[in-house]
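The values are calculated or read from the model by the stated rules, or taken from the named source; none is laboratory data. Just so it is clear, the structure is predicted and the values come from calculations on it, not from any experiment. Cβ placement follows ideal geometry from the backbone for every residue including glycine, while neighbour counts extend to all protein chains displayed.
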Amino acid sequence: MPYHNILLALELNHYEKPLLKRALDLAEFHNAKLHIIHVAPELGSVYTGSLNLDLRQLKAKLRIENGAQIMQMLKDEAYNANSISLPGGDIQQAVRHTVQALNIDLLICGRQQSRPFFGHLFSNSSGFLDIDGCDILVIKLSDKASH
């Protein structure tokens with residue numbers, strides 16, 4: 001079955017370079033569009049108490065940095081994605097929304113070998129398994145950073 005729209009979910013850590021390469025290869029093989037999503041955690045629950053932070057400003061700064069990091073990863077592979085989504089908040093909701101909005105038929109996630117299967121990206125998103133009409137590919141990532 002050929003795929004038409006592939007969504008790559010990134011956590012943006014140094015282990016994910018092979019994950020991007022695999023997604024690019026699959027998109028090319030299937031002549032599919034590649035979409036990338038990185039969901040930033042909700043900062044309100046991270047920064048609590050008496051910290052005097054402008055969370056809107058911090059969110060904007062992180063969003064710019066995350067976007068730049070994804071663009072650099074794509075530049076390193078000499079590839080352009082069809083879309084890059086940088087929502088914040090609940091991972092499961094953001095991915096589900098993106099899958100539906102972009103008619104995604106393959107979701108690609110990675111997991112580090114040293115972490116339990118449900119401990120990595122799936123710690124917040126075991127609901128990915130229930131997304132209708134979308135296959136899921138989980139790729140094992142090496143615990144050693146690739147450069």
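Numbers at a glance
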quantity	calculated
Leading residue by the ranking (farthest from residue 88 (Cα to Cα)) among those in the range 22-44 that are touching a Leu at 6+ places or on another chain (Cβ under 9 Å) and in a loop (DSSP other than H, G, I, E, B)	32
Single residue of 55, 121 found to be more than 27 Å from residue 142 (Cα to Cα), out of contact with any Phe, Trp or Tyr (no Cβ under 6 Å at 6 or more places or on another chain) and either among the aliphatic types (A, V, I, L, M) or modelled with pLDDT of 85 or more (or both)	55
Positions within the range 85-100 being outside any loop (DSSP other than H, G, I, E, B), out of contact with any Ser or Thr (no Cβ under 9 Å at 6 or more places or on another chain) and of a type in the set (A, V, I, L, M), in sequence order	99
Tally of residues being within 15 Å of residue 81 (Cβ to Cβ), assigned to a loop (DSSP other than H, G, I, E, B) and either in contact with a His (Cβ under 7 Å, 6 or more places away or on another chain) or without any contact (Cβ under 8 Å) to a residue 24 or more places away in the chain (or both) across the range 4-21	2
